[in-house]
1. So if R0 is 45 Å, what FRET efficiency would Asp89 and Ile31 give, r being the distance between their Cβ atoms, rounded to the nearest 0.05?
2. Using only protein heavy atoms and a 1.4 Å probe, report how much of Asp3 is accessible, in Å² to the nearest 10.
3. How many percent of the accessible area of the chain is carbon or sulfur, using a 1.4 Å probe?
4. Under the 0.36 nm per residue contour assumption, what length would be gained going from the current alpha-carbon distance of Arg116 and Lys134 to full extension?
5. Pop the C-beta distance of Ala49 and Asn147 into the FRET formula with R0 = 22 Å and round what comes out to the nearest 0.05.
6. Would you work out the charge dipole size for the chain about its Cα centre, treating the Cβ of every Lys and Arg as +1 and the Cβ of every Asp and Glu as -1, and quote it to the nearest 20 debye?
7. The list [x] 65; [y] 45; [z] 53 gives values of percent of Cα pairs over 21 Å apart, and only one came from this structure; which label was calculated from it?
8. Give me the net charge of Thr104's neighbourhood, meaning all other residues with Cβ under 15 Å from the Cβ of Thr104; Lys, Arg count +1, Asp, Glu -1.
Amino acid sequence: MEDQEKKQERSFELRSEKVRTIVGQIPSSLIRYGITAIGMVLLCLFAVAYFLPYKQVYSGTATIHKTATTPVDSTNITILLKFENKRPDKVKGQIICLQSPYRTFAGQIRDLSPVRDSFERQKAICRFKVTEIKSVENQTVDFQIVNSSGNLLRKMLGNKDP
């Protein structure tokens with residue numbers, strides 16, 4: 001214990017007088033409050049980023065050919081999706097909204113093929129209500145997929161989704 005105190009005293013004695021005055025000085029209140037304010041602002045930014053959801057929106061056009069004629073409430077159909085800019089990695093179970101000129105209705109994506117045809121379209125197996133999908137049979141309509149994946153802080157730090 002005494003040995004450590006002697007080493008500390010000796011290292012303090014080895015410093016110049018200017019260094020000793022700077023080390024011995026208490027920072028002014030302006031600097032202390034400034035550091036506290038900057039810390040609080042950073043803490044608030046992290047809190048906002050933690051509670052702000054991160055959503056990715058994928059959109060494009062969907063081509064619906066023929067639908068099933070079975071007397072059921074909902075059915076799986078194959079539609080062709082052409083994405084505008086970016087393509088999603090994982091869409092199984094995501095909600096897809098089709099926007100016809102008269103109304104908008106939602107379905108669920110069951111599977112999306114990674115293969116694209118010569119028109120840059122991908123086959124997707126989706127589940128829709130038969131009554132809704134019949135109204136857009138043999139048409140091309142706009143679609144939108146909203147993927148909410150965690151929070152903005154997780155995205156900024158680069159963590160993968162579980």
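The values are calculated or read from the model by the stated rules, or taken from the named source; none is laboratory data. In this text, all values refer to a predicted model and were calculated from it rather than measured experimentally. Because the Cβ atoms are built from the backbone with ideal geometry, glycine has one as well, and the counts that use them run over all protein chains shown. The protein model used for the area step is the full one, side chains on, heavy atoms only, and it has no ligands, DNA or RNA in it. Shrake-Rupley method; radii C 1.70, N 1.55, O 1.52, S 1.80 Å.
1. Numbers: r = 48 Å, r/R0 = 1.06.
Rounded to the nearest 0.05, the efficiency is 0.40.
2. Taking all protein chains as shown, Asp3 has close to 100 Å².
3. Values: 6850 of 12190 Å².
Taking all protein chains in place, the chain shows 56 percent carbon and sulfur surface.
4. Values: separation 18, 0.36 × 18 = 6.48 nm, distance 2.53 nm.
Contour length minus the Cα-Cα distance gives 4.0 nm.
5. Details: r = 18 Å, r/R0 = 0.84.
It comes to 0.75.
6. On the way: 25 positive and 16 negative charges, 69 e Å.
Dipole magnitude for the chain comes out near 320 debye.
7. [x]
8. On the way: positive: Arg103, Lys129; negative: Glu132, Asp142.
Around Thr104, the surrounding residues sum to 0.
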